[in-house]
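The values are calculated or read from the model by the stated rules, or taken from the named source; none is laboratory data. These numbers were taken from a predicted model, which means no experiment stands behind them. Using ideal geometry, Cβ is built from the backbone for each residue, glycine included, and neighbour counts are taken over all protein chains shown.
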Amino acid sequence: MGQGASTEEFRLLLIGKTGHGKSSLGNAILGKQAFKSSCGWEGKTDKCDLGRATRDKIKLEVVDTPGFCDKHRSDESIHKSIAQCLTTTSPGPHAVLVVMSAKERYSKDIVNAYREAKKLIDKQDLASRIILVFTGGDSIKQDNIDFEAQIQQEIAELREMMEDAKMRYVLFNNKATLTGLENRKQLEALLQKVREACMPDFTYLSSKLQRDIETIIINESQEIARNKNIPVEEARFQVRQAIAQADEKDEALKKAISHVMEAINTHKVDVHVSLCAIL
């Protein structure tokens, strides 16, 4: 586990299948169009992306992830993306949001993907920070569906995640006006779940890889801040955003990416069983 935060600040990592509303959820959390989203199954996110905002004096950072289980991706590509997404949250995420559509029947693939994630981070630490977010709250309301009853019917499929998450879940309407009252209320409900998960000392998830990456990011950020005459925190964000995209023309940021990728390759993140092989 990492060190406690001195101010209220949330770093959130979104995982889930393509087409279940990860990017739209990220936009709803940040209260702005930070990520490209799509209504169909052909997802818009093909690499990690990092967005940030301050809402009601709360600092928010969201890492949107590609569909790790998409069939067209190679094992090497998946492994690299997982490592990138984890390090983009440096020094570590406060919570991992497992995003599922409330409109779809819950299949075993998301549970299998969750089990793989537990191999990358200490499984007890990860389990303590899982929050299930069901998107499509507008349809549930429109169709007068008893969502609590629906969850109980599906509990067998989701039992492992539900138990790990200590039944922490929220229903989210991604279509609510980004700056409207409904969005603010559901965001506060989500952040309260994150606070509960982070109790008692509001720590964040960490690992040896992330600690090594954080050292690199600090060193690179300080150098970039001096050379560009910008605040260190702004340089930090630029470095982490560059890591997420892994496609940067700026020479200083390119060097930072190179150092981070060297660290990732040194650690040889082992997924043991390819997500795609499971699905």
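Go through (1) among the aromatic types (F, W, Y); (2) surrounded by fewer than 16 Cβ atoms within 10 Å (Cβ to Cβ); (3) under 24 Å from R55 (Cβ atoms) and name the single condition F147 misses.
(3)
Residues of region 56-90 being at pLDDT 65 or above, buried (at least 18 other Cβ atoms within 10 Å of the Cβ) and not in a helix (DSSP H, G or I), which ones?
L60, E61, V62, V63, D64, T65, P66, G67, T89, S90, listed by residue number.
Quick one: would you say D138 is part of a helix (DSSP H, G or I) and either out of contact with any helix residue (DSSP H, G or I) (no Cβ under 7 Å at 6 or more places or on another chain) or at pLDDT 75 or above (or both)?
Criteria met by D138.
Where residues in region 174-193 are of a type in the set (S, T, N, Q) and crowded, with 20+ Cβ neighbours inside 10 Å, which of them is modelled with the lowest pLDDT?
The first filter runs over region 174-193 and keeps only residues of a type in the set (S, T, N, Q), leaving 174, 177, 179, 183, 186, 192.
Checking the rest, the ones that are also crowded, with 20+ Cβ neighbours inside 10 Å come to 174, 183, 186.
Values: N174: 87, N183: 92, Q186: 94.
The qualifying residue modelled with the lowest pLDDT is N174.
So if I check each of M167, M161, which one is free of Cβ contacts under 8 Å to residues at least 12 places away in the same chain and within 13 Å of I131 (Cβ to Cβ)?
M167
Could you tell me whether any residue of region 34-46 is at pLDDT 80 or above, over 12 Å from the mean Cα position of the chain (by Cα) and among the β-branched types (V, I, T)?
no
Inside region 199-231, can you point out the residues that are assigned to a helix (DSSP H, G or I) and in contact (Cβ under 8 Å) with a residue 60 or more places away in the chain?
Selection gives L209, Q210, R211, I213, E214, I217.
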